[in-house]
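For reference, the structure discussed in these notes is given below.
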Amino acid sequence: MSYRPRSRRHLLRRDAALHESQGWEVKYVRNFTDIDDKIINRANRRKSPLRNWRNVILVNIKQTWPRWGVRDATIEPKATEYMPEIILWYQLSQKGAGL
């Protein structure tokens, strides 16, 4: 796992916090990709339901980031919350629709 992209986002979040302290309303959105091939494979290897494994990963992330000084996002959507939209986007992109 590369730390570089996380540190960049962390710096952006710190900058947003500075603006918040000056009275700006800042919304910081951090997406959780809570389903991908690696997560599915881990759940299968451990014979654990996918939902349980996703929750373990998210809890670990949420516990680790504060130790690194990473602040919470305002909104943290998960990919699994938008599966119908993701599937529709994929289907349209396969038909050549520009999004």
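A few points about this structure:
- Ala73 being farther than 30 Å from Ala17 by Cβ, of a type outside the set (Asp, Glu) and out of contact with any helix residue (DSSP H, G or I) (no Cβ under 6 Å at 6 or more places or on another chain): no
- Elements of the type helices (runs of 4 or more DSSP H) sitting completely within segment 31-99 and holding at least 3 residues that are within 27 Å of Arg14 (Cα to Cα), within 12 Å of the chain's Cα centre (by Cα) and in contact (Cβ under 8 Å) with a residue 12 or more places away in the chain: these cover 50-64.
- Subset tally (residues that are surrounded by 10 or more Cβ atoms within 10 Å (Cβ to Cβ), at pLDDT below 80 and among the basic types (Lys, Arg)) for segment 1-53: 5
The values are calculated or read from the model by the stated rules, or taken from the named source; none is laboratory data. In this text, all values refer to a predicted model and were calculated from it rather than measured experimentally. Methodologically, a virtual Cβ is constructed for each residue, glycine included, from the backbone with ideal geometry; neighbour enumeration extends over all protein chains shown.
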